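The next block holds one structure in the form of structure tokens; read it before the comments.
Read the figures in this text as sums done on the coordinates, not as results from a lab. No experiment lies behind these values; they were computed from the predicted model shown. Cβ: placed from backbone, ideal geometry, glycine included. Neighbour counts: every protein chain shown.
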Amino acid sequence: MKKRLFIGIDVGGTNMRAALVDDAGSILHVERIATRSSGGAEDTSRRLIDACRSLVARASKGGARVAAVGMGVAGKIDARQGLLIFSPNMPAMRNYPLGVELRDGLGLPVFMENDANVFGLGENWVGSGRNVDNWIGLTLGTGVGGCIFFHSRLWEGDHLGFVAEIGHLVVHPEGPACACGSQGCLETHASATALLKGVENAAQNGALLEGPLFDRWRQQSLNAEMIYQCASAGDETALKLFRRMGWALGLALSNLFTVLGIRHAILGGGVSASWDLFIGPLRDSFTRYTRFLSPEEMVVMKSSLGDNAALLGAARHAMDQVS
Ligand SMILES: [Zn+2]
């Protein structure tokens, strides 16, 4: 019998990546295409199908076959219908049957899943979570995604269309307005969006002093990585934002660990690269709010797969569905 391979797709804001993955969790090849196109949603879908076809051809050249496709998408999906309801990464694809088109175009089963869940499935399979039974996963990016693993299995809740929305755990009821409609969510403190908003607020309040951060803000060319660099160079406004991020993450983990009776977390996503600036405040905040767990028992780990967690997790999701 031919060796079974899987395709894992990660839909990012700029690029979509599709990877050929074997059943041991190794990435064999990656295809990359631009997420947005002037040709609209249909064109993006067509190019994604072409990228997957080339992976299928590559698999068969090597004497293997692709058994299924998994896809991680930010936003709201209807996994059963293969429907993308809304994704901030693909605003042109509202109520778009991306999963159906992919399935029909490739003649393969296609399984969609939330992006934070596929991050977790990847880390659980061959990353930082592989030897941990119970853990919380957080992806710090444009927003904050969350996942929960119990006994090394993804917690799916009551299939209500959302689960483990840890980014929307309220850590400060009087805090900033959140994209979800609530206020003071973890996401408004611990995401790239929160960092940018924080600089904007400081500028409005006159707290943003002359310097590289001010210059970037004035040129409207600021991003999270630049805020990190300015903080590392000692900019007090930027440092404050990372301290606030750490404080909010420590408070959220303290609440979650206390409620669930667990003590491991894995942090991923682009903004987690600013680890050195927020991990100290995270530990301080955790120590301050936790009464049931000693701070030494808390284990907060970095994602060990980085960008590949979502690709591997999407492939693993497909593998679990057809096994
Ligand atoms: Zn929210």
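Annotations
- In terms of surrounding Cβ atoms within a 10 Å radius of their Cβ, ILE7, ILE279, ILE33, ILE166 rank from fewest to most as ILE33, ILE279, ILE166, ILE7.
- Taking a ≥ b ≥ c as the square roots of the eigenvalues of the Cα gyration tensor, region 18-162 is classed as oblate, since a/c reaches at least 1.5 and a/b does not exceed b/c.
- HN-Hα J in Hz across region 105-121 - Karplus 6.51, -1.76, 1.60, θ = phi - 60°, x for Gly and Pro: x, 9, x, 10, x, 10, 10, 9, 8, 4, 5, 5, 5, 5, 4, x, 4
- Over region 141-295, relative contact order from alpha-carbon pairs under 8 Å, at least 6 apart, %: 19
- Gyration tensor verdict on region 125-277 (Cα atoms; rounded if a/c is under 1.5, prolate if a/b is larger than b/c, oblate otherwise): prolate
- Amide H contacts of LEU208 (H built 1.01 Å from N, under 5 Å, at least 5 apart or other chain): ALA203
- Cβ-placed point charges (K, R +1; D, E -1), dipole of region 132-302 about Cα centre in debye, nearest 20: 160
- The order of PHE119, PHE278, going from fewest to most other C-beta atoms within 10 Å of their C-beta, is PHE278, PHE119.
- Under 16 Å from the Cα of LYS61 - lysines, other chains or at least 8 residues apart: LYS2, LYS3
- Packing rank of 250-257, 83-90, where each peptide gets the mean count of other beta carbons within 10 Å, highest leading: 250-257, 83-90
- Pairs exceeding 30 Å between alpha-carbon atoms, taken from LYS76/LYS240; LYS76/LYS302; LYS240/LYS302: LYS76/LYS240.
- DSSP bridge pairs, the chain: antiparallel proportion in percent, nearest 5: 55
- Overall form of the chain per C-alpha gyration tensor (a/c, 1.5; a/b vs b/c): prolate
- Among MET226, ASN124, LEU253 the positive-end extreme of the charge dipole of the chain (Cβ point charges): ASN124
- Each DSSP beta bridge with both residues in region 5-75 is either parallel or antiparallel, and the antiparallel ones are about 70%.
- Given charges at Cβ of Lys, Arg, Asp, Glu: the chain dipole, positive-most of PHE214, ALA59, GLY82: ALA59
- Proximity of backbone amide H atoms, modeled 1.01 Å from N, is registered between GLY184 and GLY175, ALA177, CYS178 at under 5 Å, excluding neighbours fewer than 5 places apart on the same chain.
- Peptide packing for 64-74, 9-19 was compared via the average number of neighbouring C-beta atoms within 10 Å per residue; ordered from the highest value, the list is 64-74, 9-19.
- Phi angles of region 133-141 translate, via the Karplus equation with coefficients 6.51, -1.76, 1.60 and θ = phi - 60°, into HN-Hα couplings of 6, 10, 7, 9, x, 10, 10, 9, x Hz per residue; Gly and Pro are given as x.
- Exposure proxy ranking, count of Cβ atoms within 10 Å, fewest first, for ASP133, ASP158: ASP158, ASP133
- Peptide ranges 173-184, 282-293, 262-273, 139-150 listed from the most packed, as the mean C-beta count within 10 angstrom indicates: 139-150, 262-273, 282-293, 173-184
- Comparing Cα centroids, region 6-40 and region 41-79 end up 8 angstrom apart.
- The 3J(HN,Hα) values that the Karplus relation (6.51, -1.76, 1.60; θ = phi - 60°) gives for region 271-277 are, in residue order, 6, 5, 5, 8, 2, 4, 8 Hz. Gly and Pro appear as x.
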